[in-house]
Amino acid sequence: MLIDDPAYQLVSRAGGYLRAAQIIVDSGNSNPEIVAPTMQLVAHGIEVLMKHVLIVAGYTVEMARKEYGHSLKRLWNAEEMADFRDISFEVAVDAWAVAATSGKYRDKFSENPRDLIRSSLEDLDRLHTSESNYSLRYVSAPDETAPAPMFLLDTFRPVEERLRSRYLLSERSRQYA
């Protein structure tokens, strides 16, 4: 059964974290107390999504955990993530174009969306790891800044949906059917 498949569990769990963050963002609640938990959902959703890619590439869950920990930066730069990066950049460019014409974000839209994804993941990596003492989970420095969740969600939710569909159509998923 698919529920026994680690790759499927990871892509499903990633989708759940990202959808939960989307619900919070869409609620319009701007309470500062929920900013860090929302960003933690985004960061963890992206981390788990990238670990799904590693499992499909042949890693075990334990191997992925030991080699990459919670590092979004190291996961993003892993050799096995080439296709994931391409898909993410493609979706980011589309999401940025839609947002620029719709007025969805308050932004000048002067930044290249590919560069923005990279820099957002680097910022999120710092907040999500020991580099900041896991400030999304625990205590943040007063001047701590985080990337905007909307663009990350507009990028990585469609990436998750695409990877989930691709996986369900794959030969590997059929062994759990």
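The values are calculated or read from the model by the stated rules, or taken from the named source; none is laboratory data. Since the structure is predicted, the reported quantities are computational estimates derived from the model, not experimental observations. Reconstructed Cβ throughout: ideal geometry from the backbone, glycine too, with neighbour counts over all protein chains shown.
Annotations for the structure displayed:
- Filter result (of a type in the set (A, V, I, L, M, F, W, C) and surrounded by 14 or more Cβ atoms within 10 Å (Cβ to Cβ)) within segment 78-97: Ala78, Met81, Phe84, Ile87, Phe89, Val91, Ala92, Val93, Ala95, Trp96
- Search result, residues across segment 121-167 that are closer than 17 Å to Ser12 by Cα, surrounded by fewer than 18 Cβ atoms within 10 Å (Cβ to Cβ) and of a type in the set (S, T, N, Q): Ser165
- Qualifying helices (runs of 4 or more DSSP H) (wholly inside segment 1-82; at least 3 residues being closer than 23 Å to Tyr134 by Cβ and touching a residue at least 40 places away in the same chain (Cβ under 8 Å)): 6-26, 35-56, 72-77
- When Ala64 is tested against (1) modelled with pLDDT under 95; (2) over 21 Å from Ser119 (Cβ atoms); (3) crowded, with 22+ Cβ neighbours inside 10 Å, just one condition goes unmet, and that condition is (1).
- Put simply, of Asp125, Asp143 the only residue that is under 13 Å from the mean Cα position of the chain (by Cα) and either of a type outside the set (Ser, Thr, Tyr) or assigned to a loop (DSSP other than H, G, I, E, B) (or both) is Asp125.
- Of the residues screened, Val11 is one that is aliphatic (A, V, I, L, M) and in contact with a His (Cβ under 8 Å, 6 or more places away or on another chain).
- Selection count where residues are of a type in the set (Lys, Arg) and under 17 Å from Leu163 (Cα atoms), scope segment 72-100: 1
- Criterion violated by Asp4 - all others in (1) of a type outside the set (S, T, N, Q); (2) closer than 18 Å to Pro149 by Cα; (3) surrounded by fewer than 22 Cβ atoms within 10 Å (Cβ to Cβ) satisfied: (2)
- Hits in segment 101-114 (condition: part of a helix (DSSP H, G or I) and over 23 Å from Arg126 (Cβ atoms)): Thr101, Ser102
- Single residue of Val98, Val91 found to be over 14 Å from the mean Cα position of the chain (by Cα), of a type in the set (Val, Ile, Thr) and part of a helix (DSSP H, G or I): Val98
- If you go through segment 26-49 and pick out every residue that is surrounded by 14 or more Cβ atoms within 10 Å (Cβ to Cβ) and polar (S, T, N, Q), you end up with 2.
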